[in-house]
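Accompanying notes for the structure given below.
The values are calculated or read from the model by the stated rules, or taken from the named source; none is laboratory data. Given the structure is predicted, the values throughout are model-derived calculations rather than measurements. Neighbour counts are summed over all protein chains in view; Cβ atoms, including those assigned to glycine, are modelled from backbone coordinates with ideal geometry. Each accessible area value is taken on the protein alone, full model and side chains, heavy atoms only, with ligands, DNA and RNA left out. Shrake-Rupley method; radii C 1.70, N 1.55, O 1.52, S 1.80 Å.
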Amino acid sequence: MTLDVHLSAHHALLPGPLLKDHDAVALRRLGDALAERLPGMDRYSRLDRYGRALAKVCAEAATSAGSLPLESGLSVASLHSCEETNAQFDLELIAKGPRTVSPLLFPYTLPGAAAAEAAMHLRLGGPYRVYPGGADAALVALLTAAEGISEGEMPACIVATSDVVGEHTLRHLTHGRSLPGPSEPPLAEAACALVLRQASDASRGPMLAFEAALGPGDPHEPELERTAHEALERAGVQAHEIEQVISVTTRPELAEHERRVTEKITRNAERLSLPWRLGNAGASLGLFALLAATEGQGPALVLATSGNGTVTLVLAECSLW
Amino acid sequence: MAAGVYIVAGDVLCGAGRGVEDFWHAMMQAQPLQRSCDLGDPRLDATCVCVPEPRTPTGDLATSWLTTVCSGALTQAQDLTSRLREPRVALLVGSSLGGMSLFEAEHRRSAESPSTSGIGIPTGTAPAWQALYDGPTRAAAAELDTRLGAWTLNTACSSAANALGLARRWLQRGRIDVAVVAGVDVISPFVYAGFASLRAIDDGPTSPFAEGRRGLNLGEAAVAMVLMRGSDLPEVTRLVELAGYGSSCDAHHLTRPDASGDGLVRAMRTALADGRVQADDIALLSAHATGTPFNDSMEGAAFAKVFGAHTPAMHAAKPVVGHTLGAAGAIDAMVVWQALMRHTAPPTFRRLPPDPTLALQPLDRPQALPAESYALSTSSGFGGSNVALLFRGARS
């Protein structure tokens, strides 16, 4: 039995063109959209770029969706979240010392601070959850939002992601020898928000029916195959019905495992690797994958694998097809 | 009707010691365990924190402690989990800081800060991902057999409570067979200075719901519990059920809770409705009770609205083990689990007289609980997150 929700609205900030910074790191940054002033968002002056991007996509999606009840929730995922604010606060702490550091920035050193600001601005008083992690975490955020809506926990939910690559993040990745290699997708920035509503809210947006299965981090092929079969079974879709396979996995060796498994299971499906289209855009790749699936012709399989876990999502039905 | 979900094992490492028995003994003694601690910054004077002893790091403390308690809890549950053929095990972790200690260490080295060493600040270069908010989760999962992955929730001080709620949902939906639910947070100069800058810290043992209360004491903990569906368990082991879950957002202020308590009321009523019980059925209330003026007033207002004239036995864990941030919800769940198993509500340490404006007050001596009691645990966090968990103790 699938999770059935309406996709009431969405808003995305996509990565810009590929550029190289002064250290020759290839990066696709968000464009000038963040420079635009959002109505009623003077309160957001202390948010860093991650926070402003998250707040912007939430606000734009909510505006498109129309009014949301107070009991509506917020489900957020981000890989790097507020790292730049953390670095800024730590520099102040180093410079001024613990007795005189300003309290103004500390509350923003939480991944959920930006989400909380969005909740205040949009008056969202329902369940509120933040999942640190990449595209797999975004699919968990999406899954739990849909579960909550289908169980009557909330009438609607904004599912949102944001990842930016600031100075500190770049330095951190460089120091940890974790910058993408030449065979990997370049770093990218992005943000996305979807508004999901109850299936009974018939007037609001295309209807989606999906389910998902969970698997281990860094999976071997048998584990990937098991997870894919479980997702198909949960969604009530036969493997041969899959029209599109969308991968959001950024590590080449895991992506190769996925390719072999899905070719074995879904033989004739069209394949799309979003990181190679958009760059390694963190958690947002998970939501972009769902949107890409809605633009297809039929049932789609979305795969997200990471060191934490695997999420395989099957979009069984979309009223746009 | 959805399957019942039961707590079958647990382990804890905190200022009260290691293991459930030490933990429960400390709760029943109800004496503060706060002490001074060198957090690694010579300018920082952390005189009243509650940290495990000894506190000697080998690598990242959060990862090390998380792995230890998760392994401990899984070992305790082995007889039950081994009854299932290839159980699908997932790890769900609530943490507000994640790999922050590693972040801090690296950042200070790169900033050439004088405070680059000391207890809790790891040396060496860890993989970049381990310093992220889900870093310890991923590192711990690599040591455990989590066939269904490892996921982190971060809603500040309600993180672990939310992780418990998510575990219950996934077990009921049949997505997983065994949930290892954990909470972990480690204090660092960054965190201590942050709370101190907000003037939220009491330099003596905290006194929740008291007149003249001055703030919280920070604490560290790693807590893990194993949850399974009742249908997979022998009846004799179905002792404490996680029977309901409610979550809400104040949508009010980033650090200050909505004084009306309405957000927490929504979460509490959702949990009660989820478990199909009334407020009058609650025998034990485990409050978030940080000891700050605003939090305790908010909780008092919420409790008055939900309970009215009913007075459940109330407990606050933070005077003993400190405010363990993202792990706090798991600490409180551990108290409730043991209280329902032992049919005893523990007392709460009290340093100051009760606040006369708050009708419901923590117990100052142990109280017997009837068999098959219901308990409610509440957690709130920065950003306005509120979580309520409903527990049911089985007939003995």
Go through the residues of the range B:25-36 one by one and say whether even a single one is assigned to a loop (DSSP other than H, G, I, E, B), open to solvent by 40 Å² or more (accessible area, probe 1.4 Å) and without any contact (Cβ under 8 Å) to a residue 60 or more places away in the chain. no
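For the range A:216-228, give me the residue count where each residue is touching a residue at least 60 places away in the same chain (Cβ under 8 Å) and of a type outside the set (Gly, Ala, Ser). Talk me through it step by step, then tell me what you get.
Taking the range A:216-228 and keeping what is touching a residue at least 60 places away in the same chain (Cβ under 8 Å), we get A:216-219, A:223-224, A:227-228.
Remaining after also requiring of a type outside the set (Gly, Ala, Ser): A:216, A:218-219, A:223-224, A:227.
Final tally of qualifying residues: 6.
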Take residue A:117 and tell me if it is charged (D, E, K, R) and closer than 21 Å to residue B:157 by Cβ. yes
Please indicate, with yes or no, whether at least one residue in the range B:257-272 is more than 14 Å from every other protein chain (Cβ to nearest Cβ), open to solvent by 20 Å² or more (accessible area, probe 1.4 Å), out of contact with any Ser or Thr (no Cβ under 8 Å at 6 or more places or on another chain) and among the charged types (D, E, K, R). no
In the list B:235, B:241, B:211, which residue meets the criterion of being surrounded by fewer than 22 Cβ atoms within 10 Å (Cβ to Cβ), over 26 Å from residue B:347 (Cβ atoms) and of a type in the set (D, E, K, R)? B:235
Quick one: which of A:294, A:312 is of a type in the set (S, T, N, Q), under 14 Å from residue A:245 (Cα atoms) and within 14 Å of chain B (Cβ to nearest Cβ)? A:312
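Rundown of residues vs (1) of a type in the set (A, V, I, L, M, F, W, C); (2) touching a helix residue (DSSP H, G or I) at 6+ places or on another chain (Cβ under 6 Å); (3) open to solvent by less than 10 Å² (accessible area, probe 1.4 Å), yes/no style:
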| residue | (1), (2), (3) |
| --- | --- |
| B:309 | yes, no, no |
| B:329 | no, yes, yes |
| B:342 | no, no, no |
| B:346 | no, yes, yes |
| B:354 | no, no, no |
| B:377 | no, yes, yes |
The condition from (1) within 11 Å of another protein chain (Cβ to nearest Cβ); (2) outside any strand (DSSP E or B); (3) in contact with an Asp or Glu (Cβ under 9 Å, 6 or more places away or on another chain) that residue B:187 misses is numbered (1)
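Considering only strands (runs of 3 or more DSSP E) fully contained in the range B:289-396, which possess at least 3 residues that are within 14 Å of chain A (Cβ to nearest Cβ) and either closer than 21 Å to residue B:257 by Cβ or out of contact with any Ser or Thr (no Cβ under 7 Å at 6 or more places or on another chain) (or both)? Reasoning before the result, please.
Details: elements: B:313-315, B:374-381, B:385-393.
Because the criterion is at least 3 residues that are within 14 Å of chain A (Cβ to nearest Cβ) and either closer than 21 Å to residue B:257 by Cβ or out of contact with any Ser or Thr (no Cβ under 7 Å at 6 or more places or on another chain) (or both), the strands (runs of 3 or more DSSP E) in the range B:289-396 that meet it are B:374-381, B:385-393.
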Are any residues in the range B:67-103 assigned to a helix (DSSP H, G or I), within 17 Å of residue B:167 (Cα to Cα) and touching a helix residue (DSSP H, G or I) at 6+ places or on another chain (Cβ under 8 Å), and if so, which ones? B:70, B:74, B:81
Enumeration of residues in the range B:197-236 that are within 29 Å of residue B:363 (Cα to Cα) and either assigned to a helix (DSSP H, G or I) or among the polar types (S, T, N, Q) (or both): B:206, B:207, B:217
All but one of (1) at pLDDT below 95; (2) within 11 Å of another protein chain (Cβ to nearest Cβ); (3) within 30 Å of residue B:144 (Cβ to Cβ) hold for residue B:245; state the number of the condition that does not hold. (1)
For the structure I just gave you, tell me whether residue B:250 is in contact with an Asp or Glu (Cβ under 7 Å, 6 or more places away or on another chain), more than 14 Å from chain A (Cβ to nearest Cβ) and open to solvent by 10 Å² or more (accessible area, probe 1.4 Å). no
Restricting the range B:139-153 to residues that are among the aliphatic types (A, V, I, L, M) and modelled with pLDDT under 95, which is most open to solvent (accessible area, probe 1.4 Å)? B:142
Can you give me the number of residues within the range B:254-286 that are touching a His at 6+ places or on another chain (Cβ under 7 Å) and part of a loop (DSSP other than H, G, I, E, B)? 1
Output yes when any residue across the range A:126-147 is part of a loop (DSSP other than H, G, I, E, B) and over 23 Å from residue B:128 (Cα atoms), and no when none is. yes
Cβ-Cβ under 9 Å pairs, at least 6 apart or on other chains, the range A:83-105 side more than 7 Å from every other protein chain (Cβ to nearest Cβ), far side open to solvent by 50 Å² or more (accessible area, probe 1.4 Å) and outside any helix (DSSP H, G or I): A:99/B:43; A:99/B:45
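Being acidic (Asp, Glu) and more than 9 Å from chain A (Cβ to nearest Cβ) is the filter here, so list the residues in the range B:137-153 that pass it.
Residues of the range B:137-153 acidic (Asp, Glu): B:143, B:145.
Across the range B:137-153, the qualifying residue is only B:143.
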Count of the range B:154-178 residues which are within 9 Å of another protein chain (Cβ to nearest Cβ), open to solvent by 10 Å² or more (accessible area, probe 1.4 Å) and either aromatic (Phe, Trp, Tyr) or under 23 Å from residue B:380 (Cα atoms) (or both): 1
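For the range B:37-47, which residues satisfy the criterion of being open to solvent by less than 10 Å² (accessible area, probe 1.4 Å) and not small (Gly, Ala, Ser)?
Step one: of the range B:37-47, the residues open to solvent by less than 10 Å² (accessible area, probe 1.4 Å) are B:39-41, B:46.
Within the range B:37-47, B:39, B:41 qualify.
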Could you tell me how many of the residues in the range A:123-152 are over 20 Å from the mean Cα position of the chain (by Cα) and more than 7 Å from every other protein chain (Cβ to nearest Cβ)? 3
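Right, residue A:298: surrounded by fewer than 24 Cβ atoms within 10 Å (Cβ to Cβ), touching a residue at least 60 places away in the same chain (Cβ under 8 Å) and farther than 25 Å from residue A:178 by Cβ or not? Walk me through it before giving the result.
Details: surrounded by fewer than 24 Cβ atoms within 10 Å (Cβ to Cβ): yes; touching a residue at least 60 places away in the same chain (Cβ under 8 Å): no; farther than 25 Å from residue A:178 by Cβ: yes.
No, not satisfied.
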Taking residue A:218 as the residue in question, decide whether it is within 12 Å of chain B (Cβ to nearest Cβ), in contact with a His (Cβ under 8 Å, 6 or more places away or on another chain) and crowded, with 18+ Cβ neighbours inside 10 Å. no
Out of the range A:168-202, which residues are more than 11 Å from chain B (Cβ to nearest Cβ), out of contact with any strand residue (DSSP E or B) (no Cβ under 6 Å at 6 or more places or on another chain) and under 26 Å from residue A:55 (Cα atoms)? A:198
Tell me which residues, restricted to the range A:71-82, are within 23 Å of residue A:146 (Cα to Cα) and more than 8 Å from chain B (Cβ to nearest Cβ). A:72, A:75, A:76, A:77, A:78
List, please: which pairs have Cβ atoms under 7 Å, are six or more places apart or on different chains, and start with a residue in the range A:229-249 that is within 23 Å of residue B:174 (Cβ to Cβ) and surrounded by fewer than 21 Cβ atoms within 10 Å (Cβ to Cβ) and end with one that is at pLDDT 95 or above and β-branched (Val, Ile, Thr)? A:236/A:2
Of all residues in the range B:76-112, which are of a type outside the set (Gly, Ala, Ser), touching a residue at least 12 places away in the same chain (Cβ under 8 Å) and more than 14 Å from chain A (Cβ to nearest Cβ)? B:76, B:80, B:81, B:83, B:84
